[in-house]
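Engineer: Got a structure for you, questions after.
Readers should treat all values here as calculations from the given coordinates under stated rules, not as data from a laboratory. Remember, it's a predicted structure, so these values are computed and weren't measured experimentally. Reconstructed Cβ throughout: ideal geometry from the backbone, glycine too, with neighbour counts over all protein chains shown.
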Amino acid sequence: MTEQAQNPAAGAKDLRLQRLVGQIAELNEDACLAELKRLLDEGVDPTELLTCFMEGMRRVGEMFETGRYFIAALIMAGEIMRAAMEALSPHLGQRATTGGGGKIIIGTIQGDIHDLGKNLFSLLLSCHQFEVVDLGVDVSPQTFLEKAIEHKPDLIGISCVLTTSVPSLKEAVELLRDQLPKPAPPVIIGGTCLDERMARFVGSDLWASDAANGLKICQNALKWRTEAD
Ligand code: B12
């Protein structure tokens, strides 16, 4: 017997989630946002819904790469993702009013204006007692250094989504490592164009494949730092 036949309710939900991914990839904004609201009202796990939007974005990117979509589609996809994150944010956790988890400065590297992944990571950090100083997008290596000196963070987060910005990312990591007083705060990097191999090339201390993983890595890094002090 198939899983769907054994548990028809779970099967129906899976079908709806698959349809939702399709609506996102087709850039059907009204349909996918209305379905998101209905699924949230029905109590579906918000992280499952976020995964659907990430998969939808991946498919949009794939169609852009293969020439089926143009830049306008990326702009529409960004708008859909921003609206979805606005709807999902209250369900993913409450922003903590106090710090206590440590201070992190974060920004998207020079040449890159993608900010939705960085914002999601910042939101998760804020919900877990981190004080987040967001430097925005298109941040130069020199600005990362100046802001790190000004704010004295426990960690530095850099988002890099575009492959063409990797040289600036490497430059920022090297500048922070060489110019900050020792022990320098660890640098964590993330973004779609990065993987472990790229993180080694760039020379960053830490790398995360997604925001949830990044949060865990930051919490562990702070624990090690506190224990080492
Ligand atoms: C929406 C979008 C846009 C929007 C962005 C809107 C915005 N406000 O961010 C706009 C229209 C601006 C855009 C522009 C371009 N884009 Co675009 N875009 C996308 C798209 C479809 C979705 C990105 C997104 O928001 N995803 C959702 C977020 C939540 O996911 P995320 O960014 O991956 O973040 C997650 C993780 O990576 C991680 N993370 C991210 N940052 C960090 C940082 C840290 C420290 C940590 C720990 C974790 C972390 O956490 C997040 C959640 O898990 C992607 C396709 C894709 N596969 O992602 C292409 C994509 C990223 N874009 C691409 C391209 C090529 C461009 C353009 C160059 C197109 C052009 N010809 O002009 C321009 C570049 C503009 C610029 N200078 O930056 C390529 C990049 C290819 C590459 N490897 O370089 C992609 C992959 C599409 C593709 N497959 O070709 N884009």
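Engineer: If region 1-79 were replaced by its equivalent ellipsoid, with semi-axes equal to the square roots of 5 times the Cα gyration tensor eigenvalues, what would those be, largest first, whole Å? List each step's numbers first, then the result.
Structural biologist: Values: eigenvalues 138, 42, 16 Å².
After scaling each eigenvalue by five and taking roots: 26, 15, 9 Å.
Engineer: Moving on. Would you mind estimating how fast region 139-195 diffuses translationally, via Stokes-Einstein at 25 °C and 0.890 mPa s with the Kirkwood radius over Cα pairs, in µm²/s? Display every interim value, and only then the final one.
Structural biologist: Values: Rh = 11.5 Å.
Using the Kirkwood radius from Cα pairs, D works out to 213 µm²/s.
Engineer: For residue 118, give me every one of the lysines with a C-alpha distance below 22 angstrom, ignoring sequence neighbours fewer than eight places off in its own chain.
Structural biologist: Partners within reach: 103, 147, 152, 170, 216.
Engineer: Describe numerically, in nm with one decimal, the distance between label points set 7 Å from Cα along Cα→Cβ at residue 196 and at residue 138.
Structural biologist: It works out to 3.6 nm between the two label points.
Engineer: So if R0 is 22 Å, what FRET efficiency would residue 82 and residue 19 give, r being the distance between their Cβ atoms, rounded to the nearest 0.05?
Structural biologist: Details: r = 22 Å, r/R0 = 0.98.
Here the calculated transfer efficiency is 0.55.
Engineer: Continuing with this model, one more query. How large is log10 I(q)/I(0) at q = 0.15 Å⁻¹ when the Debye formula is applied to the Cα atoms of the chain, each weighted equally and without solvent?
Structural biologist: Cα-only, vacuum Debye calculation for the chain: -1.03.
Engineer: Hey, another quick one. Calculate how steeply helix 8-25 sits against the longest principal axis of the alpha-carbon atoms of the chain, using the helix alpha-carbon long axis, and give the answer as 0 to 90 degrees to the nearest 10.
Structural biologist: 60 degrees
Engineer: Further, regarding this structure: What shape does region 102-228 have by the C-alpha gyration tensor, where a ≥ b ≥ c are the square roots of the eigenvalues, rounded means a/c under 1.5, and otherwise prolate means a/b greater than b/c and oblate the rest?
Structural biologist: Working: a/c = 1.33, a/b = 1.15, b/c = 1.16.
Rounded, because the longest to shortest axis ratio a/c is under 1.5.
Engineer: Picking from 201, 53, 130, which is most flexible by a Gaussian network model of the chain using Cα springs under 10 Å?
Structural biologist: Largest GNM mean-square fluctuation: 201.
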